[in-house]
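Report on the structure given below.
The values are calculated or read from the model by the stated rules, or taken from the named source; none is laboratory data. Being a predicted model, the structure only gives us computed values, none of them experimental. Neighbour counts run over all protein chains shown; Cβ positions are idealised from the backbone, glycine included. These area figures cover heavy atoms from the full protein model, side chains too; ligands, DNA and RNA do not enter into them. Shrake-Rupley method; radii C 1.70, N 1.55, O 1.52, S 1.80 Å.
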Amino acid sequence: MAVIDHEAELARAGANVRGPLSSILFFARSYPLGALGALIMLAFVATAVFADAITAFDPLTTNAHDSLAPPGDRHTLGADFMGRDVLARIIYGARISLAVGLGATALGCLGGMIVGLMSGYFGGWLDLTVQRLMDIMQSLPLLVMALVMAASLGPSLTNTIIAIAIPLVPNVARVIRSSTLALREMPFVEAARAVGMSETRIAITHVLPNTLAPLIVLATAQLGSAILVESALAFLGLGVPEPHPSWGRMLSESAAEYVRTAPWLVIFPGVAISAVVFGTNLLGDAIRDMLDPRQRF
Amino acid sequence: MGAYLVRRFLLMVLTLFGMSVLIFVMLRLVPGNITDIIFDSAGFVNPAKKAAIERQLGLDQPIVTQYITWMAGLARGDLGYAFVSEKPALDEILPRIPVTAKLAVLALAFSVLFGVPLGVISAVRQNTGLDYVLRVVSLSGLSLPSFWLGLLILMACVHWFGWIPIYRSSPDNFWQEIALLSIPAAAVGFRSSALVMRLTRSSMLEVLRQDYIRTARAKGASEPSVNYDHALRNAVLPVVTVIGIEAAFLVGGLIVTETVFNIPGVARFLVEAIRWRDYPIVQNLVMFIAIIVVMVNFIVDMAYAALDPRIKYEE
């Protein structure tokens, strides 16, 4: 199987890489901003996974006494109208963001990969039909498509993931298709055909692994937009329903009216969304520079 | 050229036809229409009354008949009646377009005015401190949700001026309206300006490495002349495409920003209609957005081909 070996590429480029630890250090030294992004993502994932260990508050417990309590000793980041701890809701909200972001990106990339590979490798009428279908899906902005999908599927965690994943498919399919078109003409594909491999097997074992580099670049870019779209859907009241604490919905509950009276309800959830998306963007840029040297500047 | 135009046009029509089928099916795929929402909230269901309303709205017809009715209406310029307000859908949609259009134009102007110059500066000073700062700023522009940025702007206005720039339905004059709209437009345009800036930067860097730039330097052209006369003119081409595409995709930012600033535009109206399953409004508005996106793409392609003589039409 012909796949580009990144370890070997790094070694050839003069990097002193032995084992995973030194390649991580190499990455951090070459892409300091990317390493910062990776740290932010690590903190985000850890927050989501260990949410119950980090905060003593339950994100759903209401307490009339603490209604709209400002940030202070008891509630570090204040409490909302129903007296729920804002910090706890942000910490548990990381789970929703992570689930929807990763879920939608993974689903969208998987769908786009299958569609793009089939359409690029087999070509013909299949390719034509699929391309027209992708044209249709791309004639609506991501948020509008996700809004209509979310509304027609109904509010639930799974449906939100699907509603965001489907509009991501055309972007991924386009990229995979174009790299498949180039790979299809490579000598190693011809060699595999010469030894009598079936076309489907060639597509899966020889072409697919070589499309992974652009796929990873694309996936990190999509992760940020998936998280942003999730928060926008929740903000508009069409995202993940109660009782899940979602960052976007924390803002819609608090919007306009709390801008005057309880700014902590507006500031902190937005900081959480922006920090995580900023992390994915930093990491995404570094990964793109690393895997796609044509775009490196 | 003529054949290419015709082919592109036919593809455009095909795409829009596909979109109309897709949106129509998607809205009706899942059980539950406006009558369910109305009767759910009433808590009491009289099946005969519900059926009567469904008949009145045409929801009892087979889906194919409903689709043909819609298309036939579109051909006559009749968009049907809005379920919620019971007014003609066209009368509901048309008056809301100007505000959204003004907002979109302002946001686009904002993104070009900031994005292009900052992108050029960032490229010319590549790998300096200024470049790093600008790159981080542009990346953060892509990371802030535009509705949160809108809320922060509202908060700043309240804090410093004790006043909220909420859009009133009848501003006194054109300039006052523009001034009022420029605040939400900045919230929408910030994200696009970040995108435009990143593209200008990378496009500029690519051009700056070309041989003719070295030639320009070698013949003694001044640094500003090299950067602006020789490089920028060529670097700006790909940016034009993106600005065109961005124009259509501003819609996402417009939806949330109109909600935050309470602007009675068409983007916020779409969300309300989606919540109520107001089919005539949703399907016509979605088609309207799709038509704009597809047309903008078409115009950008044409403009690109006209501006760059290297692009040929044959295939």
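Which residue out of A:L98, A:L153, A:L143, A:L87 is surrounded by fewer than 23 Cβ atoms within 10 Å (Cβ to Cβ) and under 24 Å from A:I216 (Cα atoms)?
Numbers: A:L153 fails: under 24 Å from A:I216 (Cα atoms); A:L143 fails: surrounded by fewer than 23 Cβ atoms within 10 Å (Cβ to Cβ); A:L87 fails: under 24 Å from A:I216 (Cα atoms).
Every option except A:L98 fails the conditions.
With A:L291, A:L238, A:L233, A:L218 as the choices, which residue is modelled with pLDDT of 85 or more, more than 9 Å from chain B (Cβ to nearest Cβ) and open to solvent by 20 Å² or more (accessible area, probe 1.4 Å)? Please lay out each step first, then the result.
Details: A:L291 fails: modelled with pLDDT of 85 or more; A:L238 fails: more than 9 Å from chain B (Cβ to nearest Cβ); A:L233 fails: open to solvent by 20 Å² or more (accessible area, probe 1.4 Å).
Among A:L291, A:L238, A:L233, A:L218, only A:L218 is modelled with pLDDT of 85 or more, more than 9 Å from chain B (Cβ to nearest Cβ) and open to solvent by 20 Å² or more (accessible area, probe 1.4 Å).
Restricting attention to the range A:102-134, which residues are within 13 Å of another protein chain (Cβ to nearest Cβ), in contact (Cβ under 8 Å) with a residue 12 or more places away in the chain and touching a Ser or Thr at 6+ places or on another chain (Cβ under 8 Å)?
A:V130, A:Q131
To keep it simple, each residue is scored yes or no on (1) surrounded by 15 or more Cβ atoms within 10 Å (Cβ to Cβ); (2) among the β-branched types (V, I, T); (3) at pLDDT 80 or above.
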| residue | (1), (2), (3) |
| --- | --- |
| B:V13 | no, yes, yes |
| B:F17 | no, no, yes |
| B:S20 | yes, no, yes |
| B:L27 | yes, no, yes |
| B:P31 | no, no, no |
| B:I34 | yes, yes, no |
| B:S41 | no, no, no |
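Look at the range B:107-120 and say how many of its residues are under 28 Å from A:W247 (Cβ atoms) and open to solvent by 40 Å² or more (accessible area, probe 1.4 Å).
Adding up the residues that qualify gives 2.
Considering only the range B:74-89, state which residues are open to solvent by 50 Å² or more (accessible area, probe 1.4 Å) and either part of a strand (DSSP E or B) or farther than 21 Å from B:R275 by Cβ (or both).
B:L74, B:A75, B:R76, B:D78, B:Y81, listed by residue number.
Which residue, of B:S122, B:S138, B:S143, B:S111, is touching an Asp or Glu at 6+ places or on another chain (Cβ under 6 Å) and not charged (D, E, K, R)? Give the steps one after another, and end with the answer.
Numbers: B:S138 fails: touching an Asp or Glu at 6+ places or on another chain (Cβ under 6 Å); B:S143 fails: touching an Asp or Glu at 6+ places or on another chain (Cβ under 6 Å); B:S111 fails: touching an Asp or Glu at 6+ places or on another chain (Cβ under 6 Å).
Going through B:S122, B:S138, B:S143, B:S111 in turn, just one is touching an Asp or Glu at 6+ places or on another chain (Cβ under 6 Å) and not charged (D, E, K, R): B:S122.
Residues in the range B:170-193: is at least one closer than 15 Å to B:L106 by Cβ, polar (S, T, N, Q) and either at pLDDT below 85 or not in a helix (DSSP H, G or I) (or both)? Walk me through it before giving the result.
First, the residues of the range B:170-193 that are closer than 15 Å to B:L106 by Cβ: B:171, B:174-193.
From what's left, polar (S, T, N, Q): B:176, B:182, B:192-193.
Okay, now just the ones that are also either at pLDDT below 85 or not in a helix (DSSP H, G or I) (or both), so B:176.
Within the range B:170-193 (the criterion being closer than 15 Å to B:L106 by Cβ, polar (S, T, N, Q) and either at pLDDT below 85 or not in a helix (DSSP H, G or I) (or both)), the answer is yes, since at least one residue qualifies.
Here is a check on your reading of the model: is B:A123 within 14 Å of chain A (Cβ to nearest Cβ), closer than 30 Å to B:W276 by Cα and buried (at least 21 other Cβ atoms within 10 Å of the Cβ)? Talk me through it step by step, then tell me what you get.
Details: within 14 Å of chain A (Cβ to nearest Cβ): yes; closer than 30 Å to B:W276 by Cα: no; buried (at least 21 other Cβ atoms within 10 Å of the Cβ): yes.
Spelling it out, it is not the case that B:A123 is within 14 Å of chain A (Cβ to nearest Cβ), closer than 30 Å to B:W276 by Cα and buried (at least 21 other Cβ atoms within 10 Å of the Cβ).
Would you be able to say whether some residue in the range B:219-227 is over 26 Å from B:D301 (Cβ atoms) and either at pLDDT 85 or above or within 11 Å of chain A (Cβ to nearest Cβ) (or both)? Full working, then the answer.
Step one: list which residues in the range B:219-227 are over 26 Å from B:D301 (Cβ atoms), which gives B:219-227.
From the residues that got through so far, the ones that are either at pLDDT 85 or above or within 11 Å of chain A (Cβ to nearest Cβ) (or both) too are B:219.
Yes; the residues of the range B:219-227 include at least one that is over 26 Å from B:D301 (Cβ atoms) and either at pLDDT 85 or above or within 11 Å of chain A (Cβ to nearest Cβ) (or both).
Where residues in the range B:248-306 are touching a Ser or Thr at 6+ places or on another chain (Cβ under 8 Å) and among the hydroxyl-bearing types (S, T, Y), which of them is farthest from the other protein chains (Cβ to nearest Cβ)?
Among them, the one singled out is B:Y304.
Among the candidates B:D78, B:D131, single out the residue that is at pLDDT 85 or above and not hydrophobic (A, V, I, L, M, F, W, C). Let's see the steps before the verdict.
Values: B:D78 fails: at pLDDT 85 or above.
Sole residue among the options that is at pLDDT 85 or above and not hydrophobic (A, V, I, L, M, F, W, C): B:D131.
Give A:R201, A:R260, A:R249 a once-over and let me know the one that is over 21 Å from A:D80 (Cα atoms), among the basic types (K, R) and assigned to a helix (DSSP H, G or I).
A:R201
Which condition breaks for B:V136 when tested against (1) of a type in the set (V, I, T); (2) open to solvent by less than 40 Å² (accessible area, probe 1.4 Å); (3) without any contact (Cβ under 8 Å) to a residue 60 or more places away in the chain?
(2)
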